[in-house]
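None of the figures in this text is laboratory data; all of them are computed from the coordinates on show. It should be emphasised that the depicted structure is a prediction, and the values quoted were computed from it without experimental measurement. Here the Cβ positions follow ideal geometry from the backbone for every residue, glycine too, while neighbour counts run over all protein chains shown.
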Amino acid sequence: MFAEYRLCKKPDQQLQLLDEVAVTMRSYQDVRLLVDYSDISAGPNYMAKLKEYGNTVFKKHMKCSAVLGITGLKKILFNGYQLATGAKNVKAFSSKDEALDWLVKFE
């Protein structure tokens, strides 16, 4: 599954895509998720919803997630998400090729 947030410039668009990802994931098990946060910034409402889904939907339905576009403040938020959810199956990457390779090989 691919969630391309870099196209979501407004906070409500980001929340809508997050909700759509969560709804879709509920129909599957062991989802491998590629997320692109390049050129966007996530606000507190998005982060709160992400943590909620991280502890519920993502924990139950996601096998692993590779994340692109994590720099600057987003790196701090990403580290906070990992700490809050205890996610060991989520990793940040600087290139799409590296991320896809890790997703395919993740056990």
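A full extension of the chain between D30 and L7 corresponds to an added length of 5.7 nm, given 0.36 nm per residue minus the alpha carbon distance. At 37 °C and a viscosity of 0.692 mPa s, what translational diffusion coefficient does Stokes-Einstein give for the chain, taking Rh as the Kirkwood radius over Cα pairs? Give it in µm²/s as a whole number. Calculated translational D: 239 µm²/s. A simple spin-label model places pseudo-atoms 7 Å from Cα toward Cβ; at Q16 and L83 they are separated by 3.3 nm. Under a 5 Å amide H cut-off, with hydrogens placed 1.01 Å from N, S65 pairs with L33, V90, K91 among residues at least 5 apart or on other chains. Of the peptides 63-69, 75-81, the ranking by mean beta-carbon count within 10 Å, highest at the top, reads 63-69, 75-81. Estimated purely from DSSP H runs of n ≥ 4, each contributing -39500 (n - 2.57), the mean residue ellipticity at 222 nm for the chain is -15500 deg cm²/dmol once divided by its residues.
Cross-linked pairs K9/K96; K9/K59; K10/K96; K9/K60; K75/K96; K9/K105: Cα-Cα separations exceed 25 Å for K9/K59; K9/K60; K9/K105. Reported to the nearest whole Å, the Cα centre-to-centre distance from the range 83-107 to the range 1-64 is 14. Annotation for D97 and M47: the two label points, set 7 Å from Cα along the Cα-Cβ direction, are 3.3 nm apart.
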